[in-house]
C-alpha cells in the first residue's frame, strides 16, 4: 500500500522534480542548522575576529575532559548529520520513479559529501601532525572552519593551518575560519 502511494506520488515529472528539490533543500537546511548549532561556536565565519582570538566566552570551557567531550561530540554530530543526508539522497537514487536527472543530482551530492569528508579528515590529520592535540574541520558551502584544541594560536601556527586547508581544498583564506578552543 505504501509503495502504491509513492508510485502515484512520483508519477508526474513535475512532482519528481519538486520532491528532489525539497529533499535537497531539506538536507541543506539540516546541514546548515547542524553546523550553526555545533560547529560555529563564535557565530560568524570569515577571516575576521574569530580566527585566533579565543576570547569568546563560549570557547572557554576550562580544559580537560570537557575539551575531549567537545571534539568527540562534534565529530559524532557531524557524522550523524552526514549519514542522514546520505540516507535521504540514497532514497532518491534507489527510487524507480525518480527521473534520471534527479538520480544524477543525488549521486553528485553524495560524491560531494564524500569528497568533503575526505578533505576534513585530511585537514584534521595534518593539523594534528603539527602538534595540536584536537582538531575538527567543517567544510560547508565553499567555506572551511577549523577548530583546534589550543589555549592560543601564534600567527605562524595559524598560517600553517591556512596553508593546510588551502592545499587540501583549494579554498581561499578569506573563506577559512580558525577557532582555538581552550
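No value in this document is a laboratory result; all are computed from the given coordinates. In this text the structure is predicted, and so the values were computed from the model without any measurement. Using ideal geometry, Cβ is built from the backbone for each residue, glycine included, and neighbour counts are taken over all protein chains shown.
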Remind me, relative contact order of region 119-182 in percent, using alpha carbon pairs under 8 angstrom and six or more residues apart? 36 percent
State the extension gain, in nm to one decimal, for the chain segment bounded by residue 115 and residue 129, taking 0.36 nm per residue of separation less the distance between their alpha-carbons. 2.9 nm
Among rounded, prolate and oblate, which fits region 85-161 when a ≥ b ≥ c are the square roots of the eigenvalues of its C-alpha gyration tensor, a/c under 1.5 means rounded, and a/b larger than b/c means prolate? prolate
I'd like to compare 88-96, 120-128: which one has the highest average count of other Cβ atoms within 10 Å, and what's the full order after that? 120-128, 88-96
